[in-house]
Amino acid sequence: MELDFYQVDAFADDVFTGNPAAVIPLYEWLSDELMMHIAQENNLSETAFFVRKGEYFELRWFTPEIEIDLCGHATLGSAHVLYHHLEYADPAVVFETKSGRLFVDREGDGYSMDFPAWSCANIQVTERVAAALGARPAELYMGSRDMMAVFESEEQVRALRPDFRQVSALDGLCLICTAPGMDHDFVSRVFVSGDSIPEDPVTGSAHCTLVPYWADRLGKSTFNAYQASTRGGSMRCEYLGDRVKISGNAVTYMTGTIHL
């Protein structure tokens, strides 16, 4: 068996920035075990697989450890592969996923993703969180999937040097850290439970939580956001009540063939 393989840097204008994702188009689904093996072999934060079903595409995402329910950068990467490599011509892509239907539109040279908005509840800042991050956030929130720590300044977020063993022991899949930005409306970093992805370079799904929070705090609905990882990545976001729009660019780094 041979499978086409694409590696895309998402939320990036140039290679070596943004978040790399593997994208593998399929004609029919492989076994979960085989897709997990492929994701482990790729050893990227996400490997996306999609299968066309008439007018929409079924889309699934795997880390090297688990299948997850929502991933932004690998969704953007999948749309990029469809438009740039597979001659997809419709103005929008519809993906059927574990988080419902997701929509991706062409937006100039980039893409705009329509994702769910996730609410979160204010909780007490705990010593476990402060110890894991090596710094005490001003506020702490818990959502349905992720925890979010809010700091007072961008410098504090950039200076974080977390203990990843302690981060993995916290509740939630991701620990989102955010603060007002100097050149952007807000900045963030995202630390992930598990050994394979200690810090995710640019996390589209985290903005399902970030955008509603900052919309309420800043009293506005459109944002320029930056994820301040080593690779870094910019995105444009809009709050639509029960949905968020997350927009960014993508570039192809590598194409190839998987031999099984």
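The values are calculated or read from the model by the stated rules, or taken from the named source; none is laboratory data. This structure is a prediction, so every number in the text was calculated from the model and none was measured. Please note: Cβ atoms are built from the backbone with ideal geometry, for glycine as well, and neighbour counts cover all protein chains shown. Areas reflect the complete protein model, heavy atoms only, side chains present, ligands, DNA and RNA absent. Shrake-Rupley method; radii C 1.70, N 1.55, O 1.52, S 1.80 Å.
Considering all alpha-carbon pairs of the stretch 26-118, what whole percent are spaced by more than 18 angstrom? Beyond 18 Å sits 43 percent of the P(r) for the stretch 26-118. Near residue 223: Cβ cut-off under 13 Å, other residues only, Lys/Arg at +1 and Asp/Glu at -1. The net charge is 0. A crude spin-label estimate for the pair residue 138 and residue 119, with each label 7 Å from Cα along the Cβ direction, gives 2.4 nm. For the stretch 63-104, backbone nitrogen atoms closer than 15 Å to the point 7 Å from residue 51 Cα along Cα-to-C-beta are found at 96-98. With every protein chain in place and a 1.4 angstrom probe, the accessible-area ranking of 229, 221, largest first, reads 221, 229.
When the helices of the chain are scored as -39500 (n - 2.57) per DSSP H run of n ≥ 4 and the total is divided over every residue, the value at 222 nm lands at -6000 deg cm²/dmol. For the stretch 65-180, what percent of Cα pairs sit more than 24 Å apart? Percent of Cα pairs beyond 24 Å in the stretch 65-180: 43. Taking every alpha-carbon pair within the chain, the share separated by more than 33 Å comes to 16 percent. Taking Lys and Arg as +1 and Asp and Glu as -1, the other residues whose beta-carbon sits under 12 Å from that of residue 18 total -3. Roughly how tilted is helix 207-218, in degrees to the nearest 10 and between 0 and 90, from the longest Cα axis of the chain? Result, in degrees: 40. Distance between the 7 Å Cα→Cβ label points at residue 31 and residue 236: 4.6 nm.
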